[in-house]
Amino acid sequence: MREIVLLLLASSLLSTSTTAKSTIEPCSSNDTCNSLLGYTLYTDLKVSEVASLFQTDPISLLLANAIDISYPDVENHILPSNLFLKIPLTCSCLDGIRKSLSTRYKTRPSDTLASIAGSVYGGLVSAEQIQEANSVADPSLLDVGTSLVVPLPCACFNGSDDSLPAVYLSYVVRGVDTLAGIARRYETTVSDLMNVNAMGAPDVSSGDILAVPLSACASNFPKYASDFGLIVPNGSYALAAGHCVQCSCALGSRSLYCEPASLAVSCSSMQCRNSN
């Protein structure tokens, strides 16, 4: 049933926009989940600049990619062009569909909707989607400094895949990609990718956006905790408890390991009473 609904929604939405396919997840509640975007840097950028593009936390960005955060001034570290990153994103339920509208982009000289969609955001969004989200009457007339909502794809699927914890990565298919190659890269199967993305055949085209399930470790934090429901993908880290706790999920593991974070932040609220 999930596959039929997804396919119908994707077909109806894409018939009026671009030829590239994108997985659409219907939803009926206002809950959110942690998801990821697969993003390739279009130029050399500082960690803080990449984080600003997606309005995400720089440290969380580094931890999602298992990049060391212990050295000084890490947010100004330069990441090289063409580096592939997993961008942490909060996925919401809006108008009955899973998506994120939390990212905003301020236009610069020579920007067009096509260049913003294709170059800056690497095909994760189309010019038509940006135009519709911002009610832009004439896409050829963009004033410098205009703040645009960038609707980005995301998926939750209840934080599970085949009843096991999973975080979903929105992946833009490249010309050299095959479904089998994507499955091998992310340690899943062709049949699982086809099921998640409601595909009738294992065929993909450049520009398609797939929801890729990443094996993960789920937390057992109580419901009253601010990090309740935290799920960490294999091979990455996440901060919890206001950056006081660092949790990791080893490759191939399903068990979350948490320890005091190395960041120099005040964690007095976590100390035992009458103790330092």
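The values are calculated or read from the model by the stated rules, or taken from the named source; none is laboratory data. Computed from a predicted structure; not experimentally measured. We place every Cβ from the backbone using ideal geometry, glycine too, and count neighbours over all the protein chains shown. Remember, those area values only see protein heavy atoms, side chains included, never the ligands or the DNA or RNA. Shrake-Rupley method; radii C 1.70, N 1.55, O 1.52, S 1.80 Å.
Looking for whichever is more than 22 Å from Gly235 (Cα to Cα) and touching a helix residue (DSSP H, G or I) at 6+ places or on another chain (Cβ under 9 Å) here; the options are Gly200, Gly207. Which one fits?
On inspection, the qualifying residue turns out to be Gly200.
Looking only at residues that are among the acidic types (Asp, Glu) and surrounded by 14 or more Cβ atoms within 10 Å (Cβ to Cβ) in region 133-183, which one is farthest from Thr40 (Cα to Cα)?
This residue is Asp161.
Just checking, does region 185-207 include any residue being more than 23 Å from Ser70 (Cα to Cα), of a type in the set (A, V, I, L, M), touching a residue at least 24 places away in the same chain (Cβ under 8 Å) and open to solvent by 60 Å² or more (accessible area, probe 1.4 Å)?
So far as region 185-207 goes, no, none of its residues is more than 23 Å from Ser70 (Cα to Cα), of a type in the set (A, V, I, L, M), touching a residue at least 24 places away in the same chain (Cβ under 8 Å) and open to solvent by 60 Å² or more (accessible area, probe 1.4 Å).
For Asn34, which of the numbered conditions (1) in contact with a Pro (Cβ under 7 Å, 6 or more places away or on another chain); (2) open to solvent by 40 Å² or more (accessible area, probe 1.4 Å); (3) farther than 17 Å from Leu101 by Cα fails to hold?
Condition not satisfied by Asn34: (3).
So which residues in region 101-135 are closer than 18 Å to Asp208 by Cα, of a type in the set (S, T, N, Q) and in contact with a Pro (Cβ under 7 Å, 6 or more places away or on another chain), if there are any at all?
Gln129
Tally up the residues in region 61-118 that are small (Gly, Ala, Ser), within 20 Å of Thr43 (Cβ to Cβ) and in contact with a strand residue (DSSP E or B) (Cβ under 9 Å, 6 or more places away or on another chain), please. Walk me through it before giving the result.
Going residue by residue through region 61-118, those that are small (Gly, Ala, Ser) are 64, 66, 70, 81, 92, 96, 100, 102, 110, 114-115, 117-118.
Right, trim to within 20 Å of Thr43 (Cβ to Cβ) and you get 81, 110, 114-115, 117-118.
Next, from what is left, pick out any that are in contact with a strand residue (DSSP E or B) (Cβ under 9 Å, 6 or more places away or on another chain): 81.
Final tally of qualifying residues: 1.
I'd like the full set of residues that are modelled with pLDDT under 90 and assigned to a strand (DSSP E or B), limited to region 225-238.
Step one: list which residues in region 225-238 are modelled with pLDDT under 90, which gives 225-229.
Once the filter is applied, which keeps residues that are modelled with pLDDT under 90 and assigned to a strand (DSSP E or B), region 225-238 yields nothing.
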